[in-house]
1. Once phi is turned into θ = phi - 60°, what whole-Hz ³J(HN,Hα) does the Karplus curve with 6.51, -1.76 and 1.60 give for every residue of region 18-27, x standing for Gly and Pro?
2. To the nearest 20 debye, what charge dipole does region 2-47 have about its Cα centre, counting +1 at the Cβ of each Lys and Arg and -1 at the Cβ of each Asp and Glu?
3. Choose one of 16, 42, 31: the residue whose Cα lies farthest towards the positive end of the charge dipole of region 2-47 (beta-carbon charges +1 Lys, Arg; -1 Asp, Glu; about the Cα centre).
4. For a Förster distance of 41 Å, can you work out the FRET efficiency between the beta-carbons of residue 73 and residue 31, rounded to the nearest 0.05?
5. Using the crude model of +1 on Lys and Arg Cβ and -1 on Asp and Glu Cβ, and no other charge, please compute the dipole size for the chain relative to its Cα centre, in debye to 20.
6. When the Karplus curve 6.51 cos²θ - 1.76 cosθ + 1.60 is applied with θ = phi - 60°, which whole-Hz ³J(HN,Hα) does each residue of region 116-130 get, with x for Gly and Pro?
7. Compute the distance from the alpha-carbon center of region 1-62 to that of region 179-233, in whole Å.
8. Going toward the positive end of the dipole of the chain, with +1 on Lys and Arg Cβ and -1 on Asp and Glu Cβ, which of 174, 162, 222 do you reach last?
Amino acid sequence: MHIGRFKYNRSTFYGLVEGDTVRELNNDIYHEFSTGSKEYQLKNLIILPPSHPAKVVLVGLNYRDHAKELNFSIPEEPVIFIKPSTTVIGPGEPILYPDISRQVEYEAELAFLIKKECYRVKQENAGEYILGYTCLNDVTARDIQKKDGQWTRAKGFDTFCPVGPFIYIPAKDFDPHNLRIRAILNRETRQDSNTNNLIFNINYLVQFISSVMRLFPGDIISTGTPAGVGPMQPGDEITVEIEKVGKLVNPVVKAGK
């Protein structure tokens, strides 16, 4: 089941996506919800980011193949960082290439949304706090990252966190640790891996992150990127595609254009 956040005229709502049709939901997606009588054609709607998070928490160096290509050792614990909510954009929205960077790169990632407020969650209970899964592009100004020696500015530009297009609400047999994940730049596959390469699994990430900070409904946690990250240029189109979860497509444009 896929649920999206949409805009129609001046109205913003969540809806159940059924092919080319969207059925508006009656209730808050973070609680019990049901479909209403209103129905829309997907082509007539603006697809918004799946939530307006208080924070986006991301994990660095969490794929074995990515660590190998960088010749880095496997970390002993997750390396986490935060992107501000102003980085978040939806599918089809442009990634703005800042004037002060010469090396802006894509990073395809599997992300998930927090369902209810939590703090110090035990690993075995983590599933209770996950609403569903989505695609995320951890856009990074790599030259600025190297220059600064830390990640806030390089990953914090407005539009540097495309998310979506929808939230995949998993079936009982869904395994988030066995999904093909790809980044496709202008129809050429640049990243092609599987989430079975994750170093720290999703339940552990919920435990680890919630031991540091309180998480709220709609917060997004992203699980890291596999091997094959690389540069984008204005005029490019970048796609993050994850098996069963969805396909997120965004153009890259020069900031100020």
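Every number here is computed from the coordinates shown, using simple stated rules; none is lab data. Computed from a prediction, not measured in an experiment: that's the story for all the values here. Methodologically, a virtual Cβ is constructed for each residue, glycine included, from the backbone with ideal geometry; neighbour enumeration extends over all protein chains shown.
1. So the Karplus estimates, Gly and Pro as x, are 10, x, 8, 10, 10, 9, 5, 8, 7, 10 Hz.
2. The dipole of region 2-47 has a size of about 260 debye.
3. So the residue we want is 42.
4. 0.40
5. So the dipole magnitude of the chain works out to roughly 480 debye.
6. Computed from phi, the couplings for region 116-130 are 8, 4, 8, 7, 6, 7, 7, 3, 5, 9, 4, x, 5, 10, 9 Hz.
7. Value for the Cα centre distance between the two parts: 21 Å.
8. 162
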